[in-house]
1. Quick check for me: using +1 on Lys/Arg Cβ and -1 on Asp/Glu Cβ, what's the dipole size of segment 436-487 about its Cα centre, in debye to the nearest 20?
2. For Q413, which sequence-distant residues (separation of 5 or more, or a different chain) have an amide H within less than 5 Å of its own amide H, given hydrogens modelled in the peptide plane?
3. Could you report segment 410-520's accessible area per residue, 1.4 Å probe, as an integer in Å²?
4. Using each residue's phi in segment 144-151, evaluate 6.51 cos²θ - 1.76 cosθ + 1.60 at θ = phi - 60° and report the 3J(HN,Hα) Karplus result to the nearest Hz, with x for Gly and Pro.
5. Take the alpha carbon gyration tensor of segment 419-524, find the square roots of its eigenvalues, order them as a ≥ b ≥ c, and report rounded if a/c is under 1.5; if not, report prolate when a/b exceeds b/c, else oblate.
6. Amide H of S424: which non-local residues (sequence gap of 5 or more, or other chain) have their own amide H closer than 5 Å, using H built in the peptide plane?
7. Please list, in chain and number order, the residues 5+ apart from L239 or on another chain whose amide H is under 5 Å from its amide H, with Hs placed from the backbone.
8. Distance between Cα centroids, segment 379-409 to segment 238-292: provide it in whole Å.
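The values are calculated or read from the model by the stated rules, or taken from the named source; none is laboratory data. Predicted model, so just to flag it, every value in this text is computed and none were measured. Cβ placement follows ideal geometry from the backbone for every residue including glycine, while neighbour counts extend to all protein chains displayed. Please note that ligands, DNA and RNA were not included when accessible areas were found on the heavy atoms of the full protein model with its side chains. Shrake-Rupley method; radii C 1.70, N 1.55, O 1.52, S 1.80 Å.
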Amino acid sequence: MDPVSALPSNVTIDIFRKLPLDELARCMLVSKLWYYSIDRWNILWRCIDKTTWSNMPTSLLNVRSLEHELDVDILGDNRYLDKPEKRFLRFLQDSELWNMVRRAGPALKKLVLEFELQITEAGFHSLLHFGCVNLRHLDIHANGNLRASMIGEIIARAGPCLETVALVAVGIDNSNVRDILLNAPNLKHLDLSYCMDLTFDAFPSFLSENTSHGDDIAWDSRYLALLMHPSNPHGTVVLPKLACLRLMHCIKIDNMAVSRIIETFSGSLRTLDVQKTAVTIQGLYSVLRAARQCGYKAVERPGSGMAEASLSPTLALQSLNIQYSDFVSNANVLGANMSRDPELSPWTVADFAKMAPKLTSIYLGGRNSYINDEFIEQLAQGLPGLLQVSICESERLSDRSLLSLASNCPKLQVADISRCLRFSDAGVIALVQACGGLKYLNLSVLAITDDTLAVIGDSLRNLKSILLKHCMRVTFGGIVALVEGSNGLGCQFTLQHLSLADSSNASEVREWCQRRLSSDAIIC
């Protein structure tokens, strides 16, 4: 019995919807009935996301030919590398994208094209040709063929429905960001990482001191007049309530950009990632200053000394990443050491913590000598709800910082304290014992011993990942104590990732761990 002919169409569609597109293409080889049925059910093609495919695709242009079928996992899985057969890696072609988009038409909701280097503007034009105006998720990574003008046309058509836009390592400019913000009122997530031409002028500013001047300004008076804002209540365009903004490796993004971002999206922005940009530690002050200019205030709870946002609205920021930024140009941001700058003299890290009481993740590490123990103490005291923290490669930090995190932030789940050469067993043990909910721990290049691993094995019952790269004082016995603990439980039932690169007896330890840990655990 042929299920396509015997079952009702809605039942058949529900079955086929569970298949990724590469498997769906194989189903089209069964018969003419299957081919034409799947071809016309556009709802089956509403999600074009190659990262979900189990294998590289059969040619979607000519699905009756299997000679180009690929067996290499799209995520880079190397399980085929030990096979003698010759394997081929092939990118999607314009014609194949056209064929998938044609089948989806206006039903297309999600398009993810990561590292599809052979898709040209002709392929992207299919989105316009087949009326894909209901697109909600657009994700394009590393495509040098996509011009700014084509991006503008796509955003103008699909903008009203877009909720997620990721244009990573794509040649966009400030005007493209402006078009996205003006045409996508429902946008929640925006990722523009590795877009090297973006500057602070990609984001609007209603403050006269921040207004840019020049011939190619993205946000001139014409566009600012359109925006509804407390300073412009007669505006007709409401900017999207952006929840997540990622600008990693955008080398021209600086503290001024952070100020504008907070000014524009302070009421909704929960995640801001500006790692490896021109943003400095002073970016924390930019957050604070912009929040104050937007009318946000934080006061002390009577007698507690803790931050409380007593006025509404509050700063929504929950995650801030300025890791590996341009620390060379930083000054010490502790207010007591900034008397030369009248604008910064009253400000301390504690003030920043009070202004962002919802912050649960902060990443500050990266080859710097400007974050000290007092900085971490103020941060920990002001943000007792921290879940994730990174202070890696901070050369001035000592065990005093770890003790402060241990006493103030017991809810920590992720801690990257690697390459802080002044940390010792005492500080790490205190942190581990106080934060029993730790799941991810990076201790690489620390001078810790087996004593620390023994405490981890007895204290962390939810540990999933631990990095011990270049921990030369850790021995085989320490790893056994970590995995088995003193009571035979340890972390062996939860640990999924253990990194021992260049540690002592690494090869012997790997073999033992492969026998003790679950079969899907990654040991490297």
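1. Its charge dipole is roughly 260 debye.
2. Residues meeting the criterion, in which the H sits 1.01 Å from N, are Q388.
3. Dividing the accessible area of segment 410-520 by its residue count gives 43 Å².
4. For segment 144-151, the Karplus-derived couplings read x, 8, 8, 7, 4, 5, 5, 4 Hz, x marking Gly and Pro.
5. Because a/c hits 1.5 or more and a/b fails to exceed b/c, segment 419-524 counts as oblate.
6. Sorted by chain and number, the residues that satisfy this are D399.
7. M228
8. Measuring centre to centre over Cα atoms gives 23 Å.
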